[in-house]
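Visitor: Can you keep this structure in mind? I'll have questions shortly.
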Amino acid sequence: MSAASQDVATRNGIFARALIYAVLILFAVYYLLPLYVMVVNSLKPLDEIRQGNMLALPQQWTIAPWLSAWSTAQIGVSPTGLKPYFLNSVMMVVPAVALSTILGALNGYVLTKWRFKGDNIVFGLMLLACFIPFQIVLIPSARILGLTGLAGTITGLVLIHAIYGLGFTTLFFRNYYEAFPTELVRAAQIDGASFFQIFRRILLPSSGPIIVVTVIWQFTNIWNDFLFGSSFSGFNSIPLTVALNNLVNSSTGVKEYNVHFAGAILAALPTLIVYIVSGRYFVRGLMAGAVKG
Amino acid sequence: MADLTTTAPRAVTNPRATLQDLLPKIVLAPSFALILIFVYGFIVFTAFLSFSGSKLLPDFSTWVGLNNYVRLFNHPNWITALKNLAIFSVLYIVICSFIGLALAIFLDQKIRGEGVLRPIYLYPMALSFIVTGVAWKWFLDPGIGLEHVMQSWGWESFSFRWIKEGQMAIYTIVIAAVWQSSGFVMAMFLAGLRGVDNEIIKAAQIDGASTLTIYRRIIIPLMRPVFLSAFVVLAHLAIKSYDLVVAMTDGGPGTATWTPALFMQKFTFGRNEMGMGAASAIIMMMMIFAIIVPYLYSELGGKKK
Amino acid sequence: MSFLKISNLYKNYGQVEILKDINIEIDKGGFLVLVGPSGCGKSTLLNTIAGLEPITSGEISINGNSVAGLHPSKRDIAMVFQSYALYPNMTVAGNIAFGMEIRGVPKDERDKAIKQVSDILQIGHLLDRKPSQLSGGQRQRVAMGRALVRNPQVFLFDEPLSNLDAKLRVDMRTEIKRLHQRMKTTIVYVTHDQIEAMTLASKIAVLKDGTLQQFGTPAEIYNSPANMFVADFMGSPAMNLLTARLENGEGGLNVMLERPGEKPLALPIKNANGVLGGYSGKEIIFGVRPEALTDPDGADRNARSIAEGECLIEVVEPAGSDTFAVTKLGGKEVVARLRADAAIHAGQKTKLAFNLDKAVFFDPKSQLRIA
């Protein structure tokens, strides 16, 4: 290869790399833009948004929209802010995540280490349950919650979320325990350990990563849920996403965009923090939930 | 040498069904029962409803046969919803796949700052569709959003009011949905690219293939399983799309952005047409199962080999 | 009275028969090796003895007591696994003591037992480590320690050496043998490596496709294989199995072996028995181990029946202690084992001595040994 053509090649290479960086940065801007808009405008007075420029930094910084979104904004009929709904969400998410994760771990343990005839059919049915459109269970679920007196309660929402999360949690743990050496279970059997002793002493201590993945997955899904929340919550159990939607889409009164943005960030904050703190596990959960059947 | 005693009966070691033996099944049973009732039982329940004349409440006293389905497919709102689903899912899947693959390939070029860029592309996946909807609803709002910004920067004639236009509103939902999911597709492709055997690429380089050729002829064809997974995930998300539409347009303007999921909700709980709502849910499930079941079958079947 | 007795054992997975009519018994203190190619059912058989897998029919008894339906922990056995199966979250000491802990043995007794076992296996300095911090050989020792500490009636070993490198494997093999000689506990040992089987066993059971091919002492298995499978499987390099004809000629019965481009090689059998005589004029399979096919100078001087024949050497493989020569007889490649310093090279014709005392003959149809 002559020196001249090599020169052209490197120049082309530099040009191509510059192009690649330009595209990558452009997309970073695209992904960051909505977040930027939300943050910046949640710190402006309302007038500045209406008259000014959404992309501009605040001329007059204020945290009033945040305070309003948290504790005084009009949501539905009462000016309570998002605080009580945030607490509703917490009270709904924590038990639902715990319940579905524990059951999923036990199911995965049984389905891989205590196999029985027809276990594949059981697993197949649980797996398929992950993918149903929840619209198909809305009417009967409402009916069951009504019959059991759980309609409109946080307990009812916890149950619904735990049950419809079971498919995924079982899938996660099953796939993880599938790779867990069965010889360890056999060794423990010979050592005389019981069903639960084997689970607690042998499998559980090695399950850290999959527990983190499952908890993050369930936490994100349940925290972000809107469908069940809007269908089954009552006056005292409305979760944050539903409250946020009510705040933003209420047809009465002045549209307080800055309060809406502050509220949206409040609603996004817990899952964003989880994502920032443990992004690796978050991505692994996404992949496990999406790619592998 | 073995002194086989013919009198000894063949001791069939049938382990006594002690509690310990049954324990695994006892542990699994509640979960399985819940799934059977709350998923499969409820599907049957909804299927029955779809053949009944239920209005405000489940009502199994009147049977209407396929009437709900006939009415459904003659209803303009359902037709709109199906059209929107077609537009939305095709654009959503194609654009997400394209952006996802492009970003993944670009990121795979030993990019400095990959550790910063990757999480930026992916964080929208951690957000609720409601939050995404709020952000894009106001950003695309002509009164305060993009149009307003452009005009205030001096581009007086700039007009972007798709979200208010019946013909175009569905595309704004595509924009927001792509924003939320494309980073995730990128992560799937990136994992796929990183999984390609380096020796294959080295062999192609020795054969004199250019980078472009290597991608076009070798690597992208190897990504077929990722394309398939991405398609299944995105199609499944598209058919279920509900939250984002509610937050951005609530189906408006008019009924311009109705989707099947929105239709089901509005008809069942808003218009007291439970029979039709159930029928629409059944159709949605059939659409999803048509995609998921063959996929799961091939995934599980393939693993056994 | 045999100590471990397996009678008429069958095991099915659904329609598939994994083990068919297995009958094995071994005395107290014996070393039973189950050997066979992968998928022959040897590990399944071991698992049924351990109680880790149920059997379909038949009986297993240990020390005269049937173990039917007994939980693995109640059979008074200990097992060493192929992957060692060390609990990754526990220390070495914790691994060794786990079984005692489950049974509620007090702490000071546990510590005493750990001390005793770690002294025997020289792993005292490893007790506080986690399995991930150990080398393969150390893990192997810990796994044996966990078995030893139970002081069981029977030790079960499932391919315990297959994850070690070649040198360590030989060392550990010796160590297991030494341990057995010292403890005198009954051992059942699964392996696919026929050298391990030969060196360790007091009795070998050769399995194939779920059926017992032959059960006997290592010498019986090696010298008088029951069928062509056992003959081929045991021994390295493998026994030469050649298609030949038996013909009555001068000096009694002759083994006729085809040679390329020459008239067949005739090997007279001096001490042929009556059964073999019945095959006169018929095709048989002639089996001769490489060490029974040597250069005439290196032939066994005590052998009663030695026949010599000219063979064309195709390949020569010096292996240090021996030299292997490949020739072609009866349409197949034949390996001969010569002295290390045998002056021989490829393409040369040379005389080879067949030790017919050590030769075996098989029926080509049934594949069973006839003499």
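Visitor: Looking for something facing chain A (nearest Cβ under 7 Å), at pLDDT 85 or above and more than 30 Å from A:Q51 (Cα to Cα) - is there at least one such residue anywhere in the stretch B:93-104? Steps first, please.
Guide: Let us first name the residues in the stretch B:93-104 that are facing chain A (nearest Cβ under 7 Å), namely B:103.
Imposing the further condition that a residue be at pLDDT 85 or above reduces the set to B:103.
From the residues that got through so far, the ones that are more than 30 Å from A:Q51 (Cα to Cα) too are B:103.
Looking through the stretch B:93-104, at least one residue is facing chain A (nearest Cβ under 7 Å), at pLDDT 85 or above and more than 30 Å from A:Q51 (Cα to Cα).
Visitor: Give the residue that is nearest to A:A268 (Cα to Cα), with candidates limited to residues of the stretch A:48-63 that are surrounded by fewer than 16 Cβ atoms within 10 Å (Cβ to Cβ) and among the aliphatic types (A, V, I, L, M).
Guide: This residue is A:I63.
Visitor: Check B:S152, B:S182 and return the single one that is facing chain A (nearest Cβ under 10 Å) and within 21 Å of B:F231 (Cβ to Cβ). Show your work before the answer.
Guide: Working: B:S152 fails: within 21 Å of B:F231 (Cβ to Cβ).
None of the others qualify; the one that does is B:S182.
Visitor: Considering only residues of the stretch A:222-236 that are more than 10 Å from every other protein chain (Cβ to nearest Cβ) and assigned to a helix (DSSP H, G or I), which is modelled with the lowest pLDDT? Show your work before the answer.
Guide: Of the stretch A:222-236, the ones more than 10 Å from every other protein chain (Cβ to nearest Cβ) are A:222, A:228, A:232-236.
From what's left, assigned to a helix (DSSP H, G or I): A:222, A:228, A:232.
Details: A:I222: 95, A:F228: 94, A:F232: 91.
The qualifying residue modelled with the lowest pLDDT is A:F232.
Visitor: State which residue pairs qualify: first residue within 11 Å of chain A (Cβ to nearest Cβ) and within 12 Å of B:L57 (Cα to Cα) and inside the stretch B:263-276, second residue acidic (D, E) and surrounded by fewer than 23 Cβ atoms within 10 Å (Cβ to Cβ) in any location, beta carbons under 8 Å apart, and separation of 6 or more residues or different chains.
Guide: As it stands, the answer is B:M274/B:D59, since those pairs meet every condition given.
Visitor: Given the condition on the phi > 0 side of the Ramachandran plot and in the same structural domain as A:M92 (by TED's automatic domain parsing), answer yes or no: does some residue in the stretch A:225-245 qualify?
Guide: Initial filter on the stretch A:225-245 (on the phi > 0 side of the Ramachandran plot): none.
No.
Visitor: Another question about this same structure. In this structure, does A:F131 turn out to be closer than 30 Å to B:S298 by Cβ and within 8 Å of chain B (Cβ to nearest Cβ)? Talk me through it step by step, then tell me what you get.
Guide: Numbers: closer than 30 Å to B:S298 by Cβ: yes; within 8 Å of chain B (Cβ to nearest Cβ): yes.
When the stated conditions are applied, A:F131 passes them.
Visitor: Got at least one residue in the stretch A:116-128 being of a type in the set (V, I, T) and closer than 29 Å to B:M285 by Cβ? Even if it seems obvious, please write down each step before you answer.
Guide: Residues of the stretch A:116-128 that are of a type in the set (V, I, T), as a first pass: A:121-122.
Within this subset, residues satisfying the condition of being closer than 29 Å to B:M285 by Cβ are A:121-122.
Within the stretch A:116-128, one or more residues are of a type in the set (V, I, T) and closer than 29 Å to B:M285 by Cβ.
Visitor: So C:Q153 clears everything in (1) in contact with a strand residue (DSSP E or B) (Cβ under 8 Å, 6 or more places away or on another chain); (2) of a type in the set (S, T, N, Q); (3) crowded, with 18+ Cβ neighbours inside 10 Å except one condition, right? Which one?
Guide: (3) is the only condition that C:Q153 fails.
Visitor: A further question on this structure: Could you list, in sequence order, the residues of the stretch C:82-96 that are out of contact with any Gly (no Cβ under 8 Å at 6 or more places or on another chain), in a loop (DSSP other than H, G, I, E, B) and surrounded by fewer than 24 Cβ atoms within 10 Å (Cβ to Cβ)?
Guide: Selection gives C:Q82, C:S83, C:P88, C:N89, C:M90, C:T91.
Visitor: State whether the residues of the stretch B:115-128 include one that is more than 7 Å from every other protein chain (Cβ to nearest Cβ), touching a Leu at 6+ places or on another chain (Cβ under 7 Å) and not hydrophobic (A, V, I, L, M, F, W, C). Can you show your working first?
Guide: Start the filter on the stretch B:115-128 by keeping residues that are more than 7 Å from every other protein chain (Cβ to nearest Cβ), which leaves B:115-116, B:118.
Filter again for touching a Leu at 6+ places or on another chain (Cβ under 7 Å), leaving B:118.
Filter once more, keeping what is not hydrophobic (A, V, I, L, M, F, W, C): B:118.
There is at least one residue in the stretch B:115-128 that is more than 7 Å from every other protein chain (Cβ to nearest Cβ), touching a Leu at 6+ places or on another chain (Cβ under 7 Å) and not hydrophobic (A, V, I, L, M, F, W, C).
Visitor: Continuing with the same structure: Taking A:P34 as meeting all but one of (1) at the interface with chain B (Cβ under 9 Å from one of its Cβ atoms); (2) surrounded by fewer than 18 Cβ atoms within 10 Å (Cβ to Cβ), write down the number of the exception.
Guide: (2)
Visitor: Can you pull out the residues in the stretch A:108-119 that are at the interface with another protein chain (Cβ under 8 Å from one of its Cβ atoms) and either within 20 Å of the chain's Cα centre (by Cα) or over 26 Å from A:R200 (Cβ atoms) (or both)?
Guide: Answer for the stretch A:108-119, where residues must be at the interface with another protein chain (Cβ under 8 Å from one of its Cβ atoms) and either within 20 Å of the chain's Cα centre (by Cα) or over 26 Å from A:R200 (Cβ atoms) (or both): there is none.
Visitor: Could you please find all residues in the stretch B:237-250 being crowded, with 21+ Cβ neighbours inside 10 Å, more than 7 Å from chain A (Cβ to nearest Cβ) and outside any loop (DSSP other than H, G, I, E, B)?
Guide: Filtering the stretch B:237-250 for residues crowded, with 21+ Cβ neighbours inside 10 Å gives B:238-239, B:241-249.
With the extra rule that they be more than 7 Å from chain A (Cβ to nearest Cβ), the set shrinks to B:238, B:241, B:244-245, B:248-249.
Listed by number, the residues that qualify are B:A238, B:L244, B:V245, B:M248.
Visitor: Considering only the stretch C:76-88, I want to know if a residue exists there that is among the β-branched types (V, I, T), free of Cβ contacts under 8 Å to residues at least 60 places away in the same chain and out of contact with any Cys (no Cβ under 6 Å at 6 or more places or on another chain). Show your work before the answer.
Guide: Kept after step one, since they are among the β-branched types (V, I, T), are these residues of the stretch C:76-88: C:77, C:80.
So of that shortlist, the ones also free of Cβ contacts under 8 Å to residues at least 60 places away in the same chain come out as none.
Checked against the condition, which is being among the β-branched types (V, I, T), free of Cβ contacts under 8 Å to residues at least 60 places away in the same chain and out of contact with any Cys (no Cβ under 6 Å at 6 or more places or on another chain), the stretch C:76-88 yields no hits at all.
Visitor: Scanning for something under 21 Å from C:F233 (Cβ atoms), in a helix (DSSP H, G or I) and in the same structural domain as C:V190 (by TED's automatic domain parsing), does the stretch C:5-27 turn up at least one residue?
Guide: Scanning the stretch C:5-27, I find no residue that is under 21 Å from C:F233 (Cβ atoms), in a helix (DSSP H, G or I) and in the same structural domain as C:V190 (by TED's automatic domain parsing), so the answer is no.
Visitor: Output the residues belonging to the stretch B:251-305 that are within 21 Å of A:N249 (Cα to Cα) and part of a loop (DSSP other than H, G, I, E, B).
Guide: Correct list: B:G251, B:G252, B:P253, B:G254, B:T255, B:A256, B:T257, B:W258, B:T259, B:R271.
Visitor: Tell me, which residue of the stretch A:192-203 that is facing chain C (nearest Cβ under 9 Å) and part of a helix (DSSP H, G or I) is surrounded by the most Cβ atoms within 10 Å (Cβ to Cβ)?
Guide: Of the residues in the stretch A:192-203, the ones facing chain C (nearest Cβ under 9 Å) are A:192-194, A:197, A:201-202.
Restricting the remaining residues to those that are part of a helix (DSSP H, G or I) gives A:197, A:201-202.
Values: A:Q197: 16, A:R201: 20, A:I202: 26.
Ranking the candidates gives A:I202 first.
Visitor: Let me ask another. Can you go through B:S241, B:S181 and tell me which one is within 20 Å of B:A135 (Cα to Cα) and in contact with a Ser or Thr (Cβ under 9 Å, 6 or more places away or on another chain)? Don't jump to the end; show me each part of the working.
Guide: Numbers: B:S181 fails: in contact with a Ser or Thr (Cβ under 9 Å, 6 or more places away or on another chain).
Within the list B:S241, B:S181, the selection yields B:S241.
To keep it simple, each residue is scored yes or no on (1) in contact (Cβ under 8 Å) with a residue 40 or more places away in the chain; (2) surrounded by 21 or more Cβ atoms within 10 Å (Cβ to Cβ); (3) among the hydroxyl-bearing types (S, T, Y).
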residue	(1), (2), (3)
C:K20	yes, no, no
C:E25	no, no, no
C:G29	yes, no, no
C:V33	yes, yes, no
C:L45	yes, yes, no
C:G51	no, yes, no
C:N65	no, no, no
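Visitor: What is the number of the single condition among (1) surrounded by 22 or more Cβ atoms within 10 Å (Cβ to Cβ); (2) touching a residue at least 40 places away in the same chain (Cβ under 8 Å) that A:A188 does not meet?
Guide: (2)
Visitor: From the set of residues in the stretch C:53-63 that are in a loop (DSSP other than H, G, I, E, B) and facing another protein chain (nearest Cβ under 9 Å), which is surrounded by the most Cβ atoms within 10 Å (Cβ to Cβ)? First the steps, then the outcome.
Guide: Taking the stretch C:53-63 and keeping what is in a loop (DSSP other than H, G, I, E, B), we get C:53-56, C:63.
From what is left, the residues that are facing another protein chain (nearest Cβ under 9 Å) are C:54-56.
Numbers: C:P54: 14, C:I55: 27, C:T56: 17.
Ranking the candidates gives C:I55 first.
Visitor: So which of C:A143, C:A147, C:A197 ends up being more than 14 Å from chain A (Cβ to nearest Cβ), touching a residue at least 60 places away in the same chain (Cβ under 8 Å), of a type outside the set (S, T, N, Q) and on the phi < 0 side of the Ramachandran plot? Don't jump to the end; show me each part of the working.
Guide: Numbers: C:A143 fails: more than 14 Å from chain A (Cβ to nearest Cβ); C:A147 fails: more than 14 Å from chain A (Cβ to nearest Cβ).
Sole residue among the options that is more than 14 Å from chain A (Cβ to nearest Cβ), touching a residue at least 60 places away in the same chain (Cβ under 8 Å), of a type outside the set (S, T, N, Q) and on the phi < 0 side of the Ramachandran plot: C:A197.
Visitor: Going by the structure shown, is A:A129 within 19 Å of B:L28 (Cα to Cα) and touching a Pro at 6+ places or on another chain (Cβ under 8 Å)? Show your work before the answer.
Guide: Working: within 19 Å of B:L28 (Cα to Cα): yes; touching a Pro at 6+ places or on another chain (Cβ under 8 Å): no.
Judged against the criteria, A:A129 is not a match.
Visitor: Taking the stretch A:144-172 on its own, how many of its residues are free of Cβ contacts under 8 Å to residues at least 24 places away in the same chain and small (G, A, S)?
Guide: 2
Visitor: What tally of residues in the stretch B:27-49 results from selecting those that are facing chain A (nearest Cβ under 7 Å), surrounded by fewer than 21 Cβ atoms within 10 Å (Cβ to Cβ) and in contact (Cβ under 8 Å) with a residue 60 or more places away in the chain?
Guide: 1
Visitor: Also, I was wondering about something else. Could you pull out every one of the strands (runs of 3 or more DSSP E) wholly within the stretch C:225-321 that has 1 or more residues that are over 28 Å from C:D341 (Cβ atoms) and in contact with a Phe, Trp or Tyr (Cβ under 8 Å, 6 or more places away or on another chain)? Steps first, answer last, please.
Guide: Working: elements: C:240-249, C:252-259, C:262-268, C:283-288, C:306-318.
Answer list for the stretch C:225-321: C:240-249, C:252-259, C:283-288.
Visitor: Condition test on A:F261, is it within 14 Å of chain C (Cβ to nearest Cβ) and touching a residue at least 60 places away in the same chain (Cβ under 8 Å)?
Guide: On the way: within 14 Å of chain C (Cβ to nearest Cβ): no; touching a residue at least 60 places away in the same chain (Cβ under 8 Å): yes.
No.
The values are calculated or read from the model by the stated rules, or taken from the named source; none is laboratory data. Keep in mind the model is a prediction, meaning the values are calculated, not measured. Don't worry about glycine lacking a Cβ; one is built from the backbone with ideal geometry, like all the others, and counts go over all protein chains shown.
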